[in-house]
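First the structure, in the form of structure tokens, and then the observations on it.
The values are calculated or read from the model by the stated rules, or taken from the named source; none is laboratory data. What you see is a predicted model, and the numbers here were worked out from it, not measured in a lab. No Cβ is skipped: glycine too gets one built from the backbone with ideal geometry, and neighbour counts run over all protein chains shown. The accessibility values were calculated without ligands, DNA or RNA, using every heavy atom of the protein model including side chains. Shrake-Rupley method; radii C 1.70, N 1.55, O 1.52, S 1.80 Å.
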Amino acid sequence: MQVSGPILTASEMRTAEGVAMAGGVSIDALMERAGEAVAEAVWRFGGGMPTLILCGPGNNGGDGYVAARLLLERGLDVRVAACSGPTTEVAIAARKRWTGVVEQLEDAQPAQVLVDALFGTGLSRPLDAKIGNLLKRLADAARYLVAVDLPSGVGTDDGADLGAVSADVTLALGSLKPAHVLFPAARLCGTTKTLDIRILTSSVTHVLNRPQLPAPGPQDHKYRRGLVAVVGGQMAGAGVLSARAAMRIAGYVVAANLNGLGPDALVHHEWPEIASDDRVGALLIGPGLGRDASSRAQLDRALHTVHPLVLDADAIRLLNDAELLNLRRRSTPMIMTPHSGEFEALFGNGPGSKIDRARFAAAKSGAVIVLKGADTVIAAPDGRVRVSVGAPGWLASAGTGDVLAGLLAGCLANGQAPFEAASAAVWLHNEAARLAGPGLIADDLSAVVPKALARCQ
């Protein structure tokens, strides 16, 4: 899925529409714009094939009536079916301007292109089973299913599956919504295309895009490019994976407790020596650390250093709520990289979307949170969020998180702000996976990071 731009909740989108109306744009004009954009997309995507547009009772259905009218004016073979009559004033007006027949949904016959304008944004309860079955019957018989704004039956703000039928193409009106990027809804959207309806949209939540990472210049040396310290533990291989990745970004990587393993360029030091080295630009602890008393002691030492921290894996599991409060008082940057299980163990499974939960955790801990998954969410304590889309499924392999942690430490050590460092590392991790290709293992990723970096110059 190639998408970009701000991500607006249903409430934020209503606010953006309200601002447009306060500036003199009527709600009828907004619906006309949305319908025009949908009609153009369906015309191009459908290639002139017969089209059936399903209209719901609200404004999503109103958009469908406008699109149907405009497609009919172009000469397309287009029909409309509705699950009920329109209920909003603007949708009623749009229905009146449609000059064709409105079929009952249960009586509608299939068409090659099916346009779902039933519910879209704002649905928060499960899709009615009868409507869902009728939608599925028509979708199974169609060649393509196009959803207007969102497939009917997904949670706009949390990405929940409320009984949706998968679309081939989803036409996001004005801006992306959380459901376009959060799973499981993102999977149900198919290919997402944002349609410009000429309203101003802004948000502190954005899609993660390719970073700009300038190459080292003639003034740089190994320490200027950043010194990363990796603290290993019971599973030295995990620390080696992290160190290898960090070495692709930083100028100098030192390690403790890795049993001498790793590339020849990896420098091995004792832990006390690392802890007291004021040149360390990022201290990574957690990959392969373990959870016994010795591991706990190493984490305590790391938390009492003044080094910027990257806390991953077992380091997150060993933290407690009281330590989170202390971490907020640190004056140096910190990044935490939990997967869903580690996140719930430390922060709980609170209300709201994955975006909401990550933002809450960042504010509580004072750290940049990288909440990993197919829809990795990067949240800063000040409320900014970026969401990664299109991560290769082959990253679901042991050790890939250790590689990400090393990339994060490297980006943090070479002077990037924590939120930017986390963003760059997640993008590089995804791009390395794409370059490594199917069947990758964690060991493959570091070798292709240079090619990923070259795409950021």
Next item on the list: Report yes if some residue within region 438-450 is part of a loop (DSSP other than H, G, I, E, B) and surrounded by 22 or more Cβ atoms within 10 Å (Cβ to Cβ); otherwise report no.
Entry: no
Next item on the list: Give region 40-53 a look and list any residue that's of a type in the set (A, V, I, L, M) and closer than 13 Å to Arg69 by Cα, or say none.
Entry: Val42, Leu52, Ile53
Check: Arg44 fails exactly one of the following numbered conditions: (1) in contact (Cβ under 8 Å) with a residue 40 or more places away in the chain; (2) part of a helix (DSSP H, G or I); (3) within 18 Å of Gln112 (Cα to Cα). What is the number of that condition?
Finding: (1)
Check: Of the residues that sit in region 364-414 and are over 19 Å from the mean Cα position of the chain (by Cα) and without any contact (Cβ under 8 Å) to a residue 60 or more places away in the chain, which one is least open to solvent (accessible area, probe 1.4 Å)?
Finding: Ser365
Margin query: Looking at region 253-274, I want the residues that are in contact (Cβ under 8 Å) with a residue 12 or more places away in the chain and have a partner that is open to solvent by 70 Å² or more (accessible area, probe 1.4 Å) with Cβ atoms under 6 Å, at least 6 apart or on another chain. Which pairs are those?
Written below: Ala255/His268
Check: Given (1) of a type outside the set (S, T, N, Q); (2) within 30 Å of Ala374 (Cβ to Cβ); (3) open to solvent by less than 20 Å² (accessible area, probe 1.4 Å), where does Leu71 come up short, assuming only one miss?
Finding: (2)
Notebook entry, point to check: Using beta carbons and a limit of 8 Å, which pairs, at least six apart or on different chains, have the first residue in region 195-216 and without any contact (Cβ under 8 Å) to a residue 60 or more places away in the chain and over 30 Å from Gly23 (Cβ atoms) and the second one open to solvent by less than 60 Å² (accessible area, probe 1.4 Å) and not in a strand (DSSP E or B)?
Noted result: Pro216/Gly251
Check: Are there any strands (runs of 3 or more DSSP E) wholly within region 57-128 with 1 or more residues that are acidic (Asp, Glu), and if so which?
Finding: 102-104, 113-117
Next item on the list: Return the total of residues in region 17-31 being open to solvent by less than 60 Å² (accessible area, probe 1.4 Å), free of Cβ contacts under 8 Å to residues at least 60 places away in the same chain and over 30 Å from the mean Cα position of the chain (by Cα).
Entry: 2
Checklist line | region 335-354 - residue that is open to solvent by 20 Å² or more (accessible area, probe 1.4 Å) and of a type in the set (S, T, N, Q) and, of those, farthest from Ala421 (Cα to Cα) | finding: Asn349
Notebook entry, point to check: Yes or no: Leu200 farther than 25 Å from Arg301 by Cβ, open to solvent by 40 Å² or more (accessible area, probe 1.4 Å) and assigned to a loop (DSSP other than H, G, I, E, B)?
Noted result: yes
Item checked: Members of region 160-210 found to be aliphatic (A, V, I, L, M) and closer than 24 Å to Leu134 by Cβ, listed by number -> Ala160, Leu162, Ala164, Val165, Ala167, Val169, Leu171, Leu173, Ala179, Ala185, Leu188
Notebook entry, point to check: Where in region 220-316 are the helices (runs of 4 or more DSSP H), entirely inside, with at least 1 residues that are in contact with a Ser or Thr (Cβ under 9 Å, 6 or more places away or on another chain) and surrounded by fewer than 24 Cβ atoms within 10 Å (Cβ to Cβ)?
Noted result: 236-247, 271-275
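Every residue, every condition in (1) more than 20 Å from Leu52 (Cα to Cα); (2) at pLDDT 95 or above, yes or no:
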site	(1), (2)
Arg125	yes, no
Asn133	no, yes
Lys136	no, yes
Tyr144	no, yes
Val148	no, yes
Val154	yes, yes
Gly159	yes, yes
